[in-house]
Amino acid sequence: MKRNFARTLGGLFLGMGVALAAWAQPVDGEVIRIDQEAGKITLKHGEIKNLDIPAMQMSFRVSDAKWLKTLQVHDKVRFSADKIGGQFTVTAIEVRK
């Protein structure tokens, strides 16, 4: 019984993760400012539909601070963001060429 419950619960969380990943669609943006000390990045971006945020410039936390060391101001990027712990957070980012 416990084993079936664990499988069902694991499948539920996996399904939720896939659904959330599909919901957070990538957005194009440009790096405006990098604050490594605070673990934040300021992006000028298009509409972020999953967060109901219009196109604008705003600051985000990043889920992996190592990304801030590889990015430069004026880089064109494609990123995904979500609200984590009550704060808007970049959950994936890549430089566009």
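Each value in this text was obtained by applying a stated rule to the coordinates, not by laboratory testing. Here the structure is a predicted model, which means the values were calculated and not measured. Don't worry about glycine lacking a Cβ; one is built from the backbone with ideal geometry, like all the others, and counts go over all protein chains shown.
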Per-region count, region 24-52, residues acidic (Asp, Glu) and buried (at least 17 other Cβ atoms within 10 Å of the Cβ) | 0
Filter region 62-94 for residues that are over 17 Å from Asn50 (Cα atoms) and of a type in the set (Phe, Trp, Tyr) and give the result.
-> Trp67
